[in-house]
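Undergrad: I am attaching a structure below and will ask some questions about it afterwards.
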Amino acid sequence: MSPPHAPTAAPDPRLSAAAALRNRDAIAAELIRLAPPRGLALELASGTGEHVIRFAAAMPGLIWQPTDPDPTRRASIAAWAADAGLGNIRAPRHLDAAQPGWARDHGPAELIVLINLLHLISGPAARTLLAEVAAALAPGGCFALYGPFLRDGRTTSDGDAAFHAALHAQDPAIGYKDAADVAGLLQDAGLVHAGTIMMPANNLLMAFGRPA
């Protein structure tokens, strides 16, 4: 009689992104300064979940709601959150932030965070996303937007120029958005531009608020 087979370990659902590990401490430091002390924090396009566990630990007064349209990433978010053992992270929800109408179901939120997405979607999709953010942001709330941007219509480093060109080659509809255009769209939607912060690797963190 052959010996019983040992049980096969389930694959680890946790994904990891080197960029998230590099930038999350710097982003967290700015969010601590910008974010309201309490309320709902909605993270759009949460990805692997490595951002939200860092943010939730640093800002325990906020209830963090991670979201992502990809079920594999939502499984990763849930696994990282379970591993972190924090009581202020909700189960990840399905949300494609580039589609219209989501603000009705996901707002109002006192803090909305979006990291490294605008350059990966088209101009019309970005405008839809920003309009929904403005609709979902609570009075007195803060929207923190992080990523690479054009400044006055231009890239500002050789690395950014190469990445922007590579994105255009992959899909002509995507690529870096101009920081001034993004600010203008959000201001037209009723938000106030609270400031732009230079971040590592030539990225920007743009902060916007809705008057109370």
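The values are calculated or read from the model by the stated rules, or taken from the named source; none is laboratory data. Everything numeric here is computed off the predicted structure, so don't read it as measured data. Heads up: the accessible areas ignore ligands, DNA and RNA and are worked out on the full protein's heavy atoms, side chains in. Shrake-Rupley method; radii C 1.70, N 1.55, O 1.52, S 1.80 Å.
Undergrad: So what J values fall out for the stretch 165-173 if you push phi through Karplus, 6.51 cos²θ - 1.76 cosθ + 1.60 with θ = phi - 60°, rounded to Hz, Gly and Pro as x?
TA: In residue order, the calculated couplings are 5, 5, 5, 4, 5, 5, 7, x, 7 Hz.
Undergrad: Just one of (i) 118; (ii) 150; (iii) 139 is volume of the Cα convex hull per residue in Å³ as worked out from the coordinates here. Which one is it?
TA: (ii)
Undergrad: Separate question: Rank 157, 76, 122 by mean-square fluctuation in a GNM of the chain with C-alpha springs under 10 angstrom and give only the top-ranked residue.
TA: Highest fluctuation among the options: 157.
Undergrad: Using only Cα atoms, tell me the angle between helix 18-34 and the longest principal axis of the chain; keep it within 0 to 90° and round to the nearest 10.
TA: It works out to around 60 degrees.
Undergrad: Carbon and sulfur: what percent of the stretch 133-212's accessible surface (1.4 Å probe)? Present the calculation step by step, with values, prior to reporting the outcome.
TA: Working: 2070 of 3620 Å².
Carbon-and-sulfur percentage of accessible area, whole number: 57.
Undergrad: Could you work out the helix-only [θ] at 222 nm for the chain, with each DSSP H run of four or more residues adding -39,500 (n - 2.57) and the total divided by the number of residues, to the nearest 500 deg cm²/dmol?
TA: Dividing the helical sum by the residues of the chain leaves -11500 deg cm²/dmol.
Undergrad: Name the most mobile residue of 188, 12, 96, meaning the one with the largest mean-square fluctuation, in a Gaussian network model of the chain with Cα contacts below 10 Å.
TA: Largest GNM mean-square fluctuation: 12.
Undergrad: May I pose another question? List the residues whose amide H sits under 5 Å from the amide H of residue 93, counting only those 5 or more places along or on another chain, with H placed 1.01 Å from N in the peptide plane.
TA: 67, 68
Undergrad: Out of the total accessible area of the stretch 11-53 (probe 1.4 Å, heavy atoms of protein only), what percent is carbon and sulfur? Each step should come with its number before you reach the end.
TA: On the way: 1130 of 1970 Å².
That share works out to 58 percent.
Undergrad: Also, I was wondering about something else. What relative contact order, as a whole-number percentage, does the chain give when Cα pairs under 8 Å and 6 or more residues apart are counted? Walk me through the numbers before you get to the answer.
TA: Working: 403 pairs, mean separation 38.4, N = 212.
That works out to 18 percent.
Undergrad: Now a separate question. Quick check on the chain: of the DSSP beta bridges with both residues there, what percent are antiparallel, nearest 5%?
TA: 40 percent
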